[in-house]
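Below is one structure, written out as structure tokens; the observations come after it.
The values are calculated or read from the model by the stated rules, or taken from the named source; none is laboratory data. Remember, predicted model here, so these are calculated numbers, not experimental data. So basically every Cβ, Gly included, is an ideal-geometry build from the backbone, and we count neighbours across all protein chains shown. Just the protein is used for accessible areas: all its heavy atoms, side chains included, with ligands, DNA and RNA removed. Shrake-Rupley method; radii C 1.70, N 1.55, O 1.52, S 1.80 Å.
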Amino acid sequence: MWDTREAFHEYYDGERSSIPEEYRVMTFQDDLPEEEKTEWAMDIAFDMDEFFRQRDPQYAAEHPEVQAAKEEIYENLMAGRISALDEKLAALGQTQEDYLPSEIEKFKDATGYEEFLDFDPAEVKDALNDPEKSHADEMLSAAEKVASEKMTVLVVEPMKEPYVKEIDPDLHSLQAEVGGDIGATNPYSDPVALVCNDEGKLIGLDLNRGLRDENGEIYDIVAGTFLVVGLGEEDFSSLSRQRNKTSLFCQTVLKLANVCRHRGAAFR
């Protein structure tokens, strides 16, 4: 930064829409109209209250006033306090394939939900009034642990040698690597998966590597950059970091290391 001796008269008034595009250091999704956000939150709150009353007798006992309960859920959604709702749905056996968790994820994406801002002001007030109730140390420790956790993957780009990369273990990072919505397949006997762009062929991405059956015949071709990731019990995980010849990491590299040098046949 240096002084150009030019006047600067822009002032930030607290509204991100007032920040000139050339001064923005972050990108935001297009704002969801407030009316649409309100209606969406009301619909989710109505459905969630009904679900809780049907599945959780304790919830019904603690929230005898139906309208007040719905308004409480609505206010939490509008304020971005959603983690507690996610946890309650998970405790009742709901997964991302079920309607309510799926709808909440869509709501988060559309409204710019930020997990680090998801806290209950009442808990913060209690902690300030009574330091003994503060869990700051545990919260900081958990945050540091999450920040330090990376997932080791193998990145395979068309016409290039595969290379190792550490990425954040979340959906957005996977999507960024492959350039769109992800699809996954498990073509090997090893506990690894190929994560690719789910629409790679439809949008005309370069052909990358061929998948072969037990007879060595190609039965499919992956288009676009894809990742090789480990498979955990419930989710993707890091590939083995060991470097010896028998490690899963090296086996995977050897299977994918051949790169055709002619663009007319960009797979082997």
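Legend: residues Asp49, Asp181, Asp190, sorted from most to least accessible area (1.4 Å probe; ligands, DNA and RNA excluded), read Asp181, Asp190, Asp49.
A simple count of charges around Gly183, restricted to other residues whose Cβ falls under 11 Å of its Cβ and scoring Lys, Arg +1 and Asp, Glu -1, yields -2. Accessible area per residue was computed with a 1.4 Å probe on protein heavy atoms; Lys37 scores about 40 Å². Once all protein chains are placed together, Leu92 keeps about 50 Å² accessible to a 1.4 angstrom probe.
Heavy-atom accessible area with a 1.4 Å probe sorts Arg212, Arg5, largest first, into Arg5, Arg212.
Annotation: Lys88 carries an accessible surface of approximately 60 Å², with a 1.4 Å probe and no ligand, DNA or RNA atoms counted.
Protein heavy-atom accessible surface, 1.4 Å probe, per residue over the stretch 186-233: 54 Å². If you sort Asp3, Asp56, Asp98 by accessible surface, 1.4 Å probe, largest first, the order is Asp3, Asp98, Asp56. Here the simple spin-label model places points 7 Å from the Cα toward Cβ, and for Asp213 and Met78 these points are separated by 5.9 nm.
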